Amino acid sequence: MVQKLESSAFILEEKTEWEQLSKGVKRQILGYNKDLMMVKVAFESGIVSDPHSHPHTQVTYIVSGTFKFNVGEKSSVVKTGDSVYIEPDKIHNCECIESGVLLDTFAPMREDFLK
């Protein structure tokens, strides 16, 4: 159950908690409402995410680092400044080749990310 359907107007980096997801992976939930959510995810080198899918449209911007993304049957190495589009329900995952940060956007919001 979503407790809050909208973030505050200003999300300050130094005041926004990082959530440790697993060893080598953490995230900050940034701005959101029921239609859209932005999330920053930091990866250490060598981390491989589990293949997964969700009903949300996702666009990921590579803020820093180098990653290998698998989206459905396609794979590509992406680096700082590149983006990845993931359609709803498409199985995808990534491998962090060089530690970095991803900026994920989801439509609609990922209610499962809120506590």
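The values are calculated or read from the model by the stated rules, or taken from the named source; none is laboratory data. None of the values given here were measured: they were computed from a predicted structure. Using ideal geometry, Cβ is built from the backbone for each residue, glycine included, and neighbour counts are taken over all protein chains shown. Please note that ligands, DNA and RNA were not included when accessible areas were found on the heavy atoms of the full protein model with its side chains. Shrake-Rupley method; radii C 1.70, N 1.55, O 1.52, S 1.80 Å.
Can you name the residue in the stretch 93-115 that is over 17 Å from residue 37 (Cβ atoms) and charged (D, E, K, R) and is also surrounded by the most Cβ atoms within 10 Å (Cβ to Cβ) among such residues? Full working, then the answer.
Of the stretch 93-115, the ones over 17 Å from residue 37 (Cβ atoms) are 93-100.
Restricting the remaining residues to those that are charged (D, E, K, R) gives 95, 98.
Working: 95: 17, 98: 14.
Per the criteria, the residue is 95.
What is the one condition in (1) in contact with a Phe, Trp or Tyr (Cβ under 9 Å, 6 or more places away or on another chain); (2) over 17 Å from residue 115 (Cα atoms); (3) part of a strand (DSSP E or B); (4) not basic (Lys, Arg) that residue 81 does not satisfy?
Going through the list (1) in contact with a Phe, Trp or Tyr (Cβ under 9 Å, 6 or more places away or on another chain); (2) over 17 Å from residue 115 (Cα atoms); (3) part of a strand (DSSP E or B); (4) not basic (Lys, Arg), residue 81 breaks only (3).
Spot the failing condition for residue 74; the list is (1) at pLDDT 95 or above; (2) surrounded by 12 or more Cβ atoms within 10 Å (Cβ to Cβ); (3) among the charged types (D, E, K, R), and only one is missed.
The failed condition is (2).
Out of (1) open to solvent by 40 Å² or more (accessible area, probe 1.4 Å); (2) within 16 Å of residue 109 (Cα to Cα); (3) modelled with pLDDT of 95 or more, what's the single condition that is false for residue 1?
Only one criterion is unmet by residue 1, namely (3).
Name every residue in the stretch 87-115 that is over 24 Å from residue 18 (Cα atoms) and out of contact with any Pro (no Cβ under 7 Å at 6 or more places or on another chain), in order of residue number. Lay out the reasoning, then the answer.
Filtering the stretch 87-115 down to residues over 24 Å from residue 18 (Cα atoms) leaves 87-91.
Within the stretch 87-115, 87, 90 qualify.
Would you confirm, using the coordinates I've provided, whether residue 21 is open to solvent by 70 Å² or more (accessible area, probe 1.4 Å), closer than 13 Å to residue 113 by Cβ and part of a strand (DSSP E or B)? It would help to see each step written out before you state the result.
Working: open to solvent by 70 Å² or more (accessible area, probe 1.4 Å): yes; closer than 13 Å to residue 113 by Cβ: yes; part of a strand (DSSP E or B): yes.
In short, yes.
Among the listed residues 15, 26, which satisfies the condition of being more than 23 Å from residue 108 (Cβ to Cβ), among the charged types (D, E, K, R), open to solvent by 60 Å² or more (accessible area, probe 1.4 Å) and touching a residue at least 12 places away in the same chain (Cβ under 8 Å)? Spell out the reasoning first.
Working: 15 fails: touching a residue at least 12 places away in the same chain (Cβ under 8 Å).
Step by step, each of 15, 26 is checked, and only 26 is more than 23 Å from residue 108 (Cβ to Cβ), among the charged types (D, E, K, R), open to solvent by 60 Å² or more (accessible area, probe 1.4 Å) and touching a residue at least 12 places away in the same chain (Cβ under 8 Å).
Of all residues in the stretch 29-66, count the ones that are assigned to a loop (DSSP other than H, G, I, E, B) and either touching a helix residue (DSSP H, G or I) at 6+ places or on another chain (Cβ under 6 Å) or under 14 Å from residue 109 (Cα atoms) (or both).
If we filter the stretch 29-66 for residues that are assigned to a loop (DSSP other than H, G, I, E, B), which is where we start, we get 34-35, 44-47, 49-51, 53-56.
Restricting the remaining residues to those that are either touching a helix residue (DSSP H, G or I) at 6+ places or on another chain (Cβ under 6 Å) or under 14 Å from residue 109 (Cα atoms) (or both) gives 34-35, 54-56.
So the count comes out to 5.
Just to check your reading of the model, which residue among 90, 79 is charged (D, E, K, R), within 23 Å of residue 34 (Cβ to Cβ) and either open to solvent by less than 80 Å² (accessible area, probe 1.4 Å) or at pLDDT 95 or above (or both)?
Values: 79 fails: within 23 Å of residue 34 (Cβ to Cβ).
Just a single option satisfies the conditions, and that option is 90.
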